[in-house]
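Scroll down for the structure; my scribbles are underneath it.
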Number of protein chains: 2
Amino acid sequence: MISPELLRRYPFFTSLNDDQLKAIAMISEERIYPKGTVLIKENTPAAKLVLLLEGDVDLIFSGGGEGAVVNALVGSIAPGEVYGVSALIEPFTFISSAKATVQVKVVEVDGAALRALMDLDARLAFALMRNIAMAVLERLKYTQVELAAARA
Amino acid sequence: MISPELLRRYPFFTSLNDDQLKAIAMISEERIYPKGTVLIKENTPAAKLVLLLEGDVDLIFSGGGEGAVVNALVGSIAPGEVYGVSALIEPFTFISSAKATVQVKVVEVDGAALRALMDLDARLAFALMRNIAMAVLERLKYTQVELAAARA
């Protein structure tokens, strides 16, 4: 587990109350990964939601299906942002891979345990889902800009 | 207002109970727009969430900022799907425009009224936000595929 105070510093978690932060801190672990680590893999079960504390992460998409693998850069994650958002969105499968471009320090939240907490607390569920939707919309905006530029 | 039964037929609303469907039906209107109508405009306040009943809608993005206007196709909406998802996601501003490629029939839900309902009912708020997050993730997946193809 980690300190609830660590979570409280980040916008993604600031709307939560003390009990909610404590409950999430209990199912979270701090980890350090070396540069180049594939942190999550496209098309695998989304078992964790991850908050990036330090470093930089690239989101990479294979292009969909064999014979079409392009490994396109489709986004990047800065400290304070989350990745692995599919851990909270059905069908709970990662839609891209994430790779550490430098050494990273992260907080990994157990996805199944977090979903169980949300089942018990509708306010927590709403607060987290609202933040997840914001994070996904931000990525959609970024990807749209890149797509428009690629087609220009 | 519309009939709650109309909403119940669509996956986006099926997880809601009778009272929740009734409340949303009361703040919804059915509309028909001719082919070519710009249904929502990028960078304007997201005042409505819209369920497409009949027809076909293109999502178009200007490319971001003056001098870079490319009007790229960044998605499309099929009957049974929603657009205007930004009506439920801060900062409540549309991130793309939507255009009717044929005559369309839609249900428009008042965004401010819907957010007020969600403030009063955390379970409704969670259910809708979960469905919104799913819809946005689907669009992100589509946009990633297009981006990877454009860069291949």
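The values are calculated or read from the model by the stated rules, or taken from the named source; none is laboratory data. No experiment lies behind these values; they were computed from the predicted model shown. With ideal geometry, Cβ positions are generated from the backbone for all residues, glycine too; neighbour counts draw on all protein chains shown.
Below are the figures for this structure:
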item	result
Failed item, numbered, when A:LEU51 is tested on (1) in contact (Cβ under 8 Å) with a residue 40 or more places away in the chain; (2) hydrophobic (A, V, I, L, M, F, W, C); (3) over 14 Å from A:GLY80 (Cα atoms)	(3)
Some residue of the range B:27-40 being assigned to a helix (DSSP H, G or I), more than 15 Å from the chain's Cα centre (by Cα), over 30 Å from A:ALA152 (Cβ atoms) and of a type outside the set (Gly, Ala, Ser)	no
Hits in the range B:93-121 (condition: within 14 Å of chain A (Cβ to nearest Cβ) and over 18 Å from B:ILE27 (Cα atoms))	B:THR93, B:PHE94, B:ILE95, B:SER96, B:SER97, B:ALA98
Test: residue in the range A:124-147 that is modelled with pLDDT under 95, more than 24 Å from B:MET129 (Cα to Cα) and surrounded by fewer than 16 Cβ atoms within 10 Å (Cβ to Cβ)	no
Test: B:ALA23 is under 25 Å from A:ILE132 (Cβ atoms) and either free of Cβ contacts under 8 Å to residues at least 24 places away in the same chain or in a strand (DSSP E or B) (or both)	no
Odd one out for A:ALA46, checked against (1) buried (at least 18 other Cβ atoms within 10 Å of the Cβ); (2) free of Cβ contacts under 8 Å to residues at least 60 places away in the same chain	(2)
Lone qualifier among B:ILE60, B:ILE89, B:ILE40, B:ILE77 - being surrounded by 15 or more Cβ atoms within 10 Å (Cβ to Cβ), under 26 Å from B:LEU16 (Cβ atoms) and within 11 Å of chain A (Cβ to nearest Cβ)	B:ILE89
Residue match in the range B:93-112 (condition: in contact with a Phe, Trp or Tyr (Cβ under 9 Å, 6 or more places away or on another chain) and closer than 14 Å to A:ARG130 by Cβ)	no
Filter result for B:MET134 (within 22 Å of B:TYR10 (Cα to Cα) and either of a type in the set (Asp, Glu) or touching a residue at least 24 places away in the same chain (Cβ under 8 Å) (or both))	no
Filter result (part of a loop (DSSP other than H, G, I, E, B) and at pLDDT 95 or above) within the range A:49-85	A:GLY55, A:ASP56, A:ALA78, A:PRO79, A:GLY80, A:GLU81, A:GLY84
Filter pass, A:VAL109 being touching a helix residue (DSSP H, G or I) at 6+ places or on another chain (Cβ under 8 Å), of a type outside the set (D, E, K, R), modelled with pLDDT of 95 or more and not in a helix (DSSP H, G or I)	yes
Residue list for the range A:98-123, filter: surrounded by fewer than 19 Cβ atoms within 10 Å (Cβ to Cβ) and of a type in the set (Val, Ile, Thr)	A:THR101, A:VAL102
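Residues checked against (1) closer than 29 Å to A:TYR83 by Cα; (2) among the aliphatic types (A, V, I, L, M); (3) part of a strand (DSSP E or B):
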| position | (1), (2), (3) |
| --- | --- |
| B:ALA87 | yes, yes, no |
| B:VAL102 | no, yes, no |
| B:ARG123 | yes, no, no |
| B:ALA127 | yes, yes, no |
| B:VAL136 | yes, yes, no |
